[in-house]
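Just so it is clear, none of the values below were taken in a lab; they were calculated from the coordinates. What you see is a predicted model, and the numbers here were worked out from it, not measured in a lab. Glycine gets a Cβ as well: all are built from the backbone with ideal geometry, and neighbour counts include every protein chain shown.
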Amino acid sequence: MSKPTFRAEWPPEIQKAVKESVQKTQKALKRSSKPHFDEEMQYQPSKLSPLNYVILKVLQGQWEHRSFSVLPLTIGMTRKTLSQVKRLLSHGSL
Amino acid sequence: MREPFKQALTVHQYHFRASAGEAITQHMLLIQQALAEVGVSGKIFSSEIKNLPQGRVHKWSLDSAWDCDLLLIHHSQANPEVKSLSRLEIPKALIYHSQPPESFYVHDRDMFRNLIQGKKQLSFWKHQNVPAFAVSQFGVNELKKLGFPRAEILPLMHLEPQSAALEDAEPLEPKHLLFVGKLMPHKRQAQLIELFFYLKSEFPKGSQLHLVGTGDPLYTKYLKLLVKQLGLSSFVTLTGKLTEAELKNYYSFADAFICVSDHEGFCLPVVEAMQQQVPVFYRPHSGIQETMAGAGVEFLSSRPVDHAAIIASVLKHPAAVRALLKKQNQRLKEMARFQNKKKLQEMVLSACQRFPIAKGSLNPKPKVKPHDAPFVH
């Protein structure tokens, strides 16, 4: 017997009706087209460099509260990377 | 009979960040409001204040909070003011808001460090003998593991017992699925998108998945890419940040609230969904299991295709939805016995009497330094 896929407190007649419907729908959905996930579609944040990550966060306004002088300490970023970000910001490139 | 509190009390609160709509800020405002109703004054202090009307939250400085009978320190991630807070010779209590494990943030060194530092700081407060509260049993259990044997639960919200008229949804009307939460990998919005891919063939035309919230910029980009690649651009909405009124509107037309998160400390949105008569489907992980306590539909499988089949089947059966909402309303009634302002007032006032100045806080050089505290798991 297959393992139950859900749990809910229902009267027996509702429980039975939902269970039957779930089994039927599962079969139909499994027969239908499956989403195709290629390598591009996997979530791979580790592939992004710390600099790009910082830029994304700055762009989204997530670091507006932080002082740039403490950034290297909080994210382990080198001073060289920090100066790159500062330069991009001052040139309006971000 | 003698009045329990003749002299006016002052209870201040602190959290390193305060912003509109954020859960910890909402909690601080609720505590402030509840205490004001019984004549207890108090200010809210924060180091970073964002999008809040002037005067609601005050900027923290070292001489800010000395004039209170109790300072409630809300603790989540790394707190930059641990040192200055610990040196204040006033009674303090900690309110811990559970955070996801740092293993969810290996890609984000900033968050990773903040979460580890936050845990180290809990250990520091433990050495300072600061009493602690959490906002769920899940959080209390975490605190007990970290060495706070007397940690207690503090109400997180004020629930009014309500009776709602249940209306059946039209089976042929488009369905609207909703999730409210930060866009973060451990909240698994990607899986919600995947389950909607399956569901769109089962649902009437015009049905949609609404993902409310902002968050990790990388993950947000990824979700947008996923939506595009799966051909769901006209089916999935990433709403971004909403006002309170806009959020209420989303709950008002939602047919189901779906949560497949790996970690939820309490999950306030499921309570909001239950209040708005929206059936809740969830994976029984972490704090959400305690919040729902058997109400709603638990997903026992982790496969999106199974989730899709369950949601489609339940929403096709009005009697099943009615029974779920009835059970959810019972759960809200149970919760309202504890989650209310009266209980909150009682507990904070009792804390004012019980908690003297923590022993360690009189010592300007504690043995365990706030930033060097050993990492305790």
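What to note about this one:
- Once you reduce segment B:6-46 and segment B:234-264 to the center of their Cα atoms, the two points are 27 Å from each other.
- The antiparallel fraction among DSSP beta bridges confined to segment B:176-336 stands at about 5%.
- Taking the number of Cβ atoms within 10 Å of each Cβ as an exposure proxy, the fewest-first ranking of B:352, B:259 is B:352, B:259.
- Of all DSSP bridge pairs formed entirely within segment B:110-248, close to 10 percent run antiparallel.
- Helix B:244-253 and the long axis of chain B differ in direction by around 30°, with both axes built from C-alpha atoms.
- Dipole magnitude of chain B about its Cα centre (Cβ charges: Lys, Arg +1; Asp, Glu -1), debye to nearest 20: 900 debye
- Taking the charge dipole of chain B about its Cα centre, with +1 at Lys and Arg Cβ atoms and -1 at Asp and Glu Cβ atoms, the residue from B:336, B:210, B:146 reaching farthest to the positive side is B:146.
- Cα gyration tensor category, rounded, prolate or oblate, for segment B:112-161 with a/c compared to 1.5: prolate
- Simple rule: put +1 on each Lys or Arg Cβ and -1 on each Asp or Glu Cβ in chain B, find the dipole, and look at B:263, B:238, B:82; the Cα lying farthest toward the positive end is B:82.
- Under 11 Å, Cβ to Cβ, from residue B:178 - net charge with Lys/Arg +1 and Asp/Glu -1: -1
- Within the listed set B:354, B:283, B:87, the residue fluctuating most in the Gaussian network model of chain B (springs between alpha-carbon atoms under 10 angstrom) is B:354.
- Rounded tilt (10° steps) of B:318-336 against the dominant C-alpha axis of chain B: 10 degrees
- Projected onto their three principal axes, the Cα atoms of chain B cover extents of 65, 53, 38 Å, largest first.
- Inter-part distance where segment B:57-107 and segment B:280-349 are each reduced to a Cα centre, Å: 31 Å
- Given +1 at the Cβ of Lys and Arg, -1 at the Cβ of Asp and Glu and no other charges, the dipole of segment B:20-133 around its Cα centre is 280 debye to the nearest 20.
- For segment B:187-285, applying the loop criterion from DSSP together with a ceiling of 15 other beta carbons within 10 Å to the trypsin sites (Lys or Arg not before Pro) yields B:205, B:241.
- Convex hull volume per residue in cubic angstrom - Cα atoms of segment B:176-336: 103 Å³
- Taking every DSSP helix (H) stretch of at least 4 residues in chain B, weighting each as -39,500 (n - 2.57) and dividing the sum by the residue count yields a mean residue ellipticity at 222 nm of -12000 deg cm²/dmol.
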